[in-house]
Amino acid sequence: MYRGMISQFNKSLSMRIASNMSASVSNSTSQCLLLRNSNSTMEVDWIAQCCRSCYSTMVQPWRQKLSTQKEMKPSAEVQNNNPAIQELPKKDLSIIDKREIGRTVSGKDKVKFLMNTLLDLEDCKETIYSTLDAWVATEQKFPTVSLKRMLIALEREHQWHRVVQVIKWMLSKGQGATMGTYGQLIRALEKDHRPEEAHIIWARKVGNNMHSVPKELCDLMISIYYQNNMFERLVKLFKCLEAYDRKPPGKSVVQKVADAYKSLGLLEEQKLVLEKYNYLLIEKSKEHPRKSEKAA
């Protein structure tokens with residue numbers, strides 16, 4: 001830009017000098033020098049004006065932007081007199097550890113919050129599962145202990161349907177696949193009047209290895225079969241336990257098996273069972289001396 005202006009000025013200056021020389025050839029050497037010096041001074045002045053104009057054009061927007069930024073920034077007096085600005089944390093929020101979020105909330109409060117949330121939701125599998133997914137997403141690892149506590153709390157409130165939903169969701173995530181969890185699920189299904197589903201869980205997940213099944217869970221299944229008139233399944237389970245040399249724990253189980261044989265019309269098998277485990281019936285029928293004294 002500067003080169004263009006200077007070349008234009010030189011061109012005009014040359015034309016002006018040529019016209020002066022043709023008009024007055026007899027000018028003295030001193031006058032020519034004075035003219036050239038005068039033109040040189042004009043050239044310098046003109047270039048200086050152009051530079052000042054260009055500088056002002058380029059620098060003025062930058063000055064305006066800088067002044068605007070200074071106006072936007074609150075002054076020291078405003079910062080000192082404004083409590084909202086004083087309360088701002090001096091620590092950079094970008095470097096705060098994510099683990100600090102939620103540390104003040106206890107595990108008990110988290111469980112209570114989740115339980116109340118589940119109870120307020122509609123009875124929809126997708127809604128329940130989505131809520132549990134969102135809750136677990138805030139944890140660093142799968143909160144098995146917290147979920148167990150919540151299941152116990154739900155059982156105290158007799159919310160058996162929610163217990164079933166939560167346990168099935170846990171199992172779908174590959175978590176909590178233990179005998180205790182399956183036993184809790186079977187008990188909840190029975191309380192929720194779903195004995196057929198309880199039988200399916202037993203047949204697929206528990207009954208395949210009778211060596212490791214707790215006797216309490218076996219007694220629970222016998223009770224479920226008995227209460228729901230599933231006598232054939234009850235007899236089959238009892239025979240399976242005998243095959244593994246697992247004897248009935250007490251009188252109640254023997255009596256249920258005998259009644260099941262009777263309902264199926266298998267009176268001979270009923271008689272054999274009563275004779276084989278007669279000692280359990282006799283022992284349980286006798287009262288302990290201390291109990292009899294308390295009763296008297």
Looking only at the stretch 194-224, and only at residues there that are out of contact with any helix residue (DSSP H, G or I) (no Cβ under 9 Å at 6 or more places or on another chain) and in a loop (DSSP other than H, G, I, E, B), the one that is most open to solvent (accessible area, probe 1.4 Å): His211
How many residues does the stretch 137-158 hold that are within 13 Å of Leu118 (Cβ to Cβ), among the small types (Gly, Ala, Ser) and either open to solvent by 50 Å² or more (accessible area, probe 1.4 Å) or not in a helix (DSSP H, G or I) (or both)? 0
Would you mention how many residues in the stretch 176-193 are part of a loop (DSSP other than H, G, I, E, B), under 28 Å from the mean Cα position of the chain (by Cα) and buried (at least 16 other Cβ atoms within 10 Å of the Cβ)? 1
Return yes when Val166 is assigned by the TED database to the domain that holds Asp120, assigned to a helix (DSSP H, G or I) and surrounded by fewer than 19 Cβ atoms within 10 Å (Cβ to Cβ) and no when it is not. no
Might you check whether a residue that is open to solvent by less than 90 Å² (accessible area, probe 1.4 Å), modelled with pLDDT of 85 or more and more than 16 Å from the chain's Cα centre (by Cα) occurs anywhere in the stretch 122-136? yes
Which of the residues that make up the stretch 213-258 are in contact with an Asp or Glu (Cβ under 7 Å, 6 or more places away or on another chain) and modelled with pLDDT under 95? Pro249, Val253
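The values are calculated or read from the model by the stated rules, or taken from the named source; none is laboratory data. Bear in mind the structure is a predicted one, so any value in this text is a computation, not a measurement. For neighbour counting, all protein chains shown are included, and Cβ atoms are generated from backbone atoms with ideal geometry for every residue, glycine included. These accessible areas exclude ligands, DNA and RNA; they are computed on the full protein's heavy atoms, side chains included. Shrake-Rupley method; radii C 1.70, N 1.55, O 1.52, S 1.80 Å.
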